[in-house]
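The values are calculated or read from the model by the stated rules, or taken from the named source; none is laboratory data. Keep in mind it's a predicted model, so treat the numbers as computed, not measured. Please note: Cβ atoms are built from the backbone with ideal geometry, for glycine as well, and neighbour counts cover all protein chains shown.
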Ligand SMILES: [Zn+2]
């Protein structure tokens with residue numbers, strides 16, 4: 001599997017500082033190399049989101065980590081608007097979606113580089129990582 | 001037939017922008033009012049079931065705060081918006097089994113502070129985030145509005161449901177609220193008002209979203225035999241059910257398309273010995289307009305995917321075929337989680353609805369919804385004792 005497009009965009013999302021939590025560190029190891037690493041159940045082959053613990057399908061209590069393709073399609077989305085300030089100005093809206101990875105699981109996805117009006121079910125997307133100066137990298141989904 | 005249970009008392013504090021009282025104090029006030037409403041005293045209680053909202057209080061220590069002694073049932077329950085229905089079911093089972101005779105169920109919350117917007121009351125901000133879940137939260141997945149918007153959009157994509165159809169629910173619910181002196185929002189609104197209200201999380205407008213309220217509501221449950229001799233007309237508990245679909249977040253998921261009402265509804269109706277065509281009025285959990293629409297489908301009031309056309313028909317409005325959220329619900333009335341639909345059901349069953357009283361009220365469906373459509377509860381209530 002090849003490395004994904006490295007994003008050194010200047011349009012980084014202001015999120016504060018992201019730290020590892022000791023439970024999902026392999027996700028961030030992958031992110032550091034621009035690879036989407038998620039959970040996989042070795043006994044039954046099913047794929048899960050990085051925060052899944054245990055396989056609800058076969059009952060395996062341990063999931064391993066494995067690189068996913070990073071390819072996804074859009075399931076549903078919302079344009080989240082910030083609350084207007086006293087002077088009527090509002091922060092720029094955020095586009096959030098549920099995306100279906102090629103391997104099957106859905107991820108909570110922050111969409112980037114998309115026009116809200118052009119979004120549609122099934123839109124091809126690709127995992128992409130931002131590497132802020134401080135803290136861990138984070139995941140965005142951009143048009144494939 | 002054997003023993004059955006009934007709601008004998010209803011206690012509600014002031015609701016809305018009620019400041020200066022903690023959630024525990026509000027809960028205590030609601031329990032006192034519910035007991036007095038039933039014509040009982042606190043010493044008559046031998047059971048207490050507690051649930052709280054965002055405030056994280058009260059818990060079982062409420063019993064001590066009320067000075068209750070020698071309780072036989074005391075617990076805290078939480079299935080979020082489905083809790084009220086679950087509490088009533090547990091209290092009914094306690095009474096029927098003989099574990100207790102007189103059980104109060106209470107919900108309280110006080111998320112609002114003076115000079116703070118409703119949204120801010122439920123918002124958490126942090127500059128430091130931890131792990132994968134922290135990352136998605138940092139990127140925006142800490143907004144309940146956004147999560148319901150994702151669900152609502154999915155319904156629209158699959159079934160062609162429109163924002164105007166969500167708006168029909170906002171308008172009919174407000175029509176009911178105009179006749180409820182307890183409702184926080186009593187000015188009539190039009191579909192145009194709904195469409196022009198600001199976006200919160202597309203496709204949800206501001207008028208698709210519930211209020212935020214401080215306050216507490218309690219009910220007292222006892223045997224149907226005993227309730228008959230108490231102060232107020234009994235509201236008989238005919239049936240109950242829960243449904244927790246556990247939709248996976250993966251290919252083929254039904255997220256946004258079906259809810260636990262598809263499980264809890266048939267269980268409660270079978271227990272009650274009724275079918276969907278017997279329901280005279282509905283009190284449905286309406287954290288969002290969309291929640292009402294999808295719940296109506298899952299209960300079988302219309303076919304899956306036809307909720308939009310059903311609500312546009314005017315069925316839910318005053319004079320409609322299925323009066324729904326007759327106190328203004330949580331969209332326009334007051335936001336007391338599952339106690340909002342339950343309290344209005346008790347008011348309607350007793351015939352206390354005043355200007356908004358629905359004439360035919362023999363069978364009332366009460367629906368709770370918690371999490372992001374993760375938890376559902378259903379109650380079937382009636383002013384009549386169920387025939388054997
Ligand atoms: Zn497995």
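Summary table below
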| item | result |
| --- | --- |
| Enumeration of residues in segment A:74-94 that are under 19 Å from residue A:109 (Cβ atoms) and either touching a helix residue (DSSP H, G or I) at 6+ places or on another chain (Cβ under 8 Å) or buried (at least 17 other Cβ atoms within 10 Å of the Cβ) (or both) | A:74, A:75, A:76, A:77, A:78, A:79, A:80, A:81, A:93, A:94 |
| Some residue of segment B:75-93 being over 30 Å from residue B:256 (Cβ atoms), in contact with a strand residue (DSSP E or B) (Cβ under 8 Å, 6 or more places away or on another chain) and modelled with pLDDT under 95 | no |
| Unmet criterion (only one of (1) more than 7 Å from chain B (Cβ to nearest Cβ); (2) in contact with a strand residue (DSSP E or B) (Cβ under 6 Å, 6 or more places away or on another chain); (3) on the phi > 0 side of the Ramachandran plot) for residue A:74 | (3) |
| Count of segment A:110-120 residues which are more than 7 Å from chain B (Cβ to nearest Cβ) and in contact with a helix residue (DSSP H, G or I) (Cβ under 9 Å, 6 or more places away or on another chain) | 1 |
| Positions within segment A:28-38 being more than 11 Å from residue A:127 (Cβ to Cβ) and either facing chain B (nearest Cβ under 10 Å) or near the ligand (Cβ under 9 Å from one of its atoms) (or both), in sequence order | A:28 |
| From the options A:123, A:80, A:107, residue that is in contact (Cβ under 8 Å) with a residue 40 or more places away in the chain and at the interface with chain B (Cβ under 10 Å from one of its Cβ atoms) | A:107 |
| Test: residue in segment B:72-95 that is touching a helix residue (DSSP H, G or I) at 6+ places or on another chain (Cβ under 9 Å), surrounded by fewer than 24 Cβ atoms within 10 Å (Cβ to Cβ) and within 14 Å of another protein chain (Cβ to nearest Cβ) | no |
| Wholly within segment A:39-144, strands (runs of 3 or more DSSP E) carrying at least 1 residues that are within 16 Å of the ligand (Cβ to nearest atom) | A:64-67 |
| Selection within segment B:350-386 - part of a loop (DSSP other than H, G, I, E, B), under 23 Å from residue B:181 (Cα atoms) and either free of Cβ contacts under 8 Å to residues at least 60 places away in the same chain or out of contact with any strand residue (DSSP E or B) (no Cβ under 7 Å at 6 or more places or on another chain) (or both) | B:351, B:352, B:353, B:357, B:359, B:360 |
| Residue satisfying condition, being touching a strand residue (DSSP E or B) at 6+ places or on another chain (Cβ under 8 Å) and surrounded by fewer than 23 Cβ atoms within 10 Å (Cβ to Cβ), within set A:55, A:44 | A:55 |
| Subset tally (residues that are at the interface with chain A (Cβ under 9 Å from one of its Cβ atoms) and at positive phi) for segment B:136-168 | 1 |
| Among (1) touching a helix residue (DSSP H, G or I) at 6+ places or on another chain (Cβ under 8 Å); (2) farther than 15 Å from residue B:226 by Cβ; (3) surrounded by 15 or more Cβ atoms within 10 Å (Cβ to Cβ), the one test that residue B:5 misses | (2) |
